[in-house]
């Protein structure tokens, strides 16, 4: 793993421990807990990637945060000129086992020095991977992505919605459903009780993780750092509003061309009510 000069952040320490765990690597590598290989993560990802496929056809693609290789076959259908990177050695090893003929490397999006400027026509950063780094490193990551993209090239990535239900989630009010914020307290308690019966150790684990990471939460309004329900609230992630995403892309020299609701794959705009959307899939272009 490439470690930036200032050393690992609190987010790095928290998230790397999760990504490197045997159970999580197994989920990403073997199709456990919904992490099925060779499929779209959701309708938003499908819509976003299909919208760029024709333009990227046969051109160089960088797949960032490749994990166990869920997107490897999908993107290699678009182009044979493919490179996948991940900053977790165990994930890289798993992806190489799954796709021994693919070019998969250990790498950190914050330091893409091994790639020359203008190298790729498309970069993809799926599963909200960009959200795993802290606020300063997020800007650094976008700058590095822009550097390795050719003029006019595309970036597709997903990111958690600061205004959405994931940021408001707790162990008793999770955001697993797009309409979770409409559930009554009684219904939430019934769901929580059912979850305890099905997996008795899960709810206490979620509370412990959520309480531990809530102490590291910060909220700047348009962006925030906080726990997310994935992996029992063990991850500490970055959230942005769509307006903030537009601004940070612009600052990095990228233009937000379109954004999609993850659950429905519908296009969304800056002036809409986005409070029910867990995360966005964004298509941006290098100026």
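Values quoted throughout were computed directly from the atomic coordinates according to the rules given, and no laboratory measurement underlies them. Everything quoted here is computed from the prediction, not taken from an experiment. When we count neighbours, we look across all protein chains shown, and the Cβ atoms used for this are built from the backbone with ideal geometry, even at glycine.
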(request) Measure nothing fancy, just the Cα-based angle from helix 43-56's long axis to the longest principal axis of the chain, in degrees from 0 to 90, nearest 10. (result) 0 degrees
(message) Here are a few candidate values for Rg and Dmax of the Cα atoms in Å: (1) 21.4, 74; (2) 18.2, 56; (3) 25.5, 85. Which one was actually calculated from the structure I just gave you?
(response) (2)
(message) Could you sort the peptides 109-118, 132-141 by per-residue average Cβ neighbour count (10 Å cutoff), highest mean leading?
(response) 132-141, 109-118
(request) Based on other C-beta atoms within 10 Å, arrange 283, 52 from fewest to most. (result) 283, 52
(message) Run lengths n ≥ 4 of DSSP H only: what is the helix-derived mean residue ellipticity at 222 nm for the chain, with -39500 (n - 2.57) per run over all residues, to the nearest 500?
(response) -11000 deg cm²/dmol
(message) Compute the helix-to-body angle for 202-214: its Cα long axis versus the longest principal axis of the chain, expressed 0 to 90° and rounded to tens.
(response) 70 degrees
(message) Looking at the chain only, what percent of DSSP beta bridges run antiparallel? Nearest 5 please.
(response) 60 percent
(request) Rank these for me by crowding, 156, 240, going from fewest to most other beta carbons within 10 Å. (result) 156, 240
